[in-house]
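Notes follow once the structure below has been shown.
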């Protein structure tokens with residue numbers, strides 16, 4: 001059986017057909033996210049990443065917020081397809097919300113002005129690694145997920161709904177659940193176009 005890190009990176013795919021079959025308990029999923037947050041690298045060990053795990057009514061409420069927000073701005077005819085997509089996200093077990101605490105980023109900019117322009121970029125890089133760690137860890141457990149970006153449209157409503165610090169900037173949402181249908185086939189550009197080696 002394949003069980004090394006690179007094999008799991010192959011297994012990690014965008015899964016849109018989610019179900020509610022419990023593969024891991026809620027406690028185990030939270031522990032998985034906590035471990036990813038704890039050990040994810042960050043510039044200057046800033047540890048600015050934040051995560052919120054939503055289950056049950058909170059999970060459904062999140063996708064209600066997304067739906068209500070989009071319904072107000074998407075033309076009625078186009079919203080039919082949007083609603084179908086959102087229903088696929090709400091059909092799973094939960095959603096992980098990924099944030100950056102911008103107070104920490106701004107604090108580093110003030111403390112190290114020479115690198116001030118870089119801290120927001122480094123912050124995004126770190127959060128991207130966190131998202132990837134969580135996504136790959138879920139895939140390793142046979143839990144499907146995808147990465148969505150309805151921010152910044154929903155930011156204010158999300159912070160208000162769960163009484164989060166205003167300094168938390170929402171970056172991505174990851175609905176997850178049992179895999180009810182596999183990911184579509186994926187094509188790849190020739191690797192020699194993408195990787196160069198010089199000696």
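The values are calculated or read from the model by the stated rules, or taken from the named source; none is laboratory data. Since the structure is predicted, the reported quantities are computational estimates derived from the model, not experimental observations. No Cβ is skipped: glycine too gets one built from the backbone with ideal geometry, and neighbour counts run over all protein chains shown.
Between 57, 111, 77, which is under 23 Å from residue 143 (Cβ atoms) and either surrounded by fewer than 13 Cβ atoms within 10 Å (Cβ to Cβ) or modelled with pLDDT of 95 or more (or both)? Walk me through it before giving the result.
Values: 111 fails: under 23 Å from residue 143 (Cβ atoms); 77 fails: under 23 Å from residue 143 (Cβ atoms).
Within the list 57, 111, 77, the selection yields 57.
What residue, of 100, 22, is in contact with a strand residue (DSSP E or B) (Cβ under 9 Å, 6 or more places away or on another chain), exposed (fewer than 14 other Cβ atoms within 10 Å of the Cβ) and in contact (Cβ under 8 Å) with a residue 40 or more places away in the chain?
Numbers: 100 fails: exposed (fewer than 14 other Cβ atoms within 10 Å of the Cβ).
Answer to the check: 22.
Sub-8 Å Cβ pairs linking a first residue in the stretch 147-165 that is assigned to a strand (DSSP E or B) to a second residue that is crowded, with 17+ Cβ neighbours inside 10 Å, at least 6 apart or interchain, are 148/89; 148/172; 148/173; 148/174; 148/175, ordered by first then second residue. The residues in the stretch 25-40 that are surrounded by 14 or more Cβ atoms within 10 Å (Cβ to Cβ) and either within 22 Å of residue 104 (Cβ to Cβ) or touching a helix residue (DSSP H, G or I) at 6+ places or on another chain (Cβ under 9 Å) (or both) can be counted, and the count is 6. Close contacts from the stretch 180-196, counting a first residue that is under 17 Å from residue 9 (Cα atoms) and a second that is in a loop (DSSP other than H, G, I, E, B), with Cβ to Cβ under 7 Å and a gap of 6+ residues or different chains, come to 183/13; 183/15.
Scan 145, 172, 116, 181 and give me the residue that is over 15 Å from residue 54 (Cα atoms) and in contact with a helix residue (DSSP H, G or I) (Cβ under 7 Å, 6 or more places away or on another chain). Explain how you work it out, then say what you get.
Numbers: 145 fails: over 15 Å from residue 54 (Cα atoms); 172 fails: over 15 Å from residue 54 (Cα atoms); 181 fails: in contact with a helix residue (DSSP H, G or I) (Cβ under 7 Å, 6 or more places away or on another chain).
Answer to the selection: 116.
Only one of (1) farther than 15 Å from residue 171 by Cβ; (2) in a helix (DSSP H, G or I); (3) in contact with a helix residue (DSSP H, G or I) (Cβ under 7 Å, 6 or more places away or on another chain); (4) touching a residue at least 40 places away in the same chain (Cβ under 8 Å) is not met by residue 67, so which one is it? Evaluating residue 67 over (1) farther than 15 Å from residue 171 by Cβ; (2) in a helix (DSSP H, G or I); (3) in contact with a helix residue (DSSP H, G or I) (Cβ under 7 Å, 6 or more places away or on another chain); (4) touching a residue at least 40 places away in the same chain (Cβ under 8 Å) leaves (4) as the failure. Screening residue 53 on (1) under 15 Å from residue 174 (Cα atoms); (2) in a helix (DSSP H, G or I); (3) touching a residue at least 24 places away in the same chain (Cβ under 8 Å) shows it passes everything except condition (2).
Based on what the data block shows, is residue 105 over 17 Å from the mean Cα position of the chain (by Cα) and crowded, with 20+ Cβ neighbours inside 10 Å?
Details: over 17 Å from the mean Cα position of the chain (by Cα): yes; crowded, with 20+ Cβ neighbours inside 10 Å: yes.
Yes: the conditions hold for residue 105.
With respect to the conditions (1) surrounded by fewer than 17 Cβ atoms within 10 Å (Cβ to Cβ); (2) in contact with a strand residue (DSSP E or B) (Cβ under 7 Å, 6 or more places away or on another chain); (3) under 29 Å from residue 125 (Cβ atoms), residue 62 falls short on a single one, namely (1). With respect to (1) free of Cβ contacts under 8 Å to residues at least 40 places away in the same chain; (2) part of a helix (DSSP H, G or I); (3) more than 15 Å from the chain's Cα centre (by Cα), the lone exception for residue 117 is condition (2).
For the stretch 40-50, a tally of residues being free of Cβ contacts under 8 Å to residues at least 40 places away in the same chain and within 18 Å of the chain's Cα centre (by Cα) returns 0.
In this structure, is residue 182 within 20 Å of the chain's Cα centre (by Cα), at pLDDT below 95 and surrounded by fewer than 18 Cβ atoms within 10 Å (Cβ to Cβ)?
The answer is yes for residue 182.
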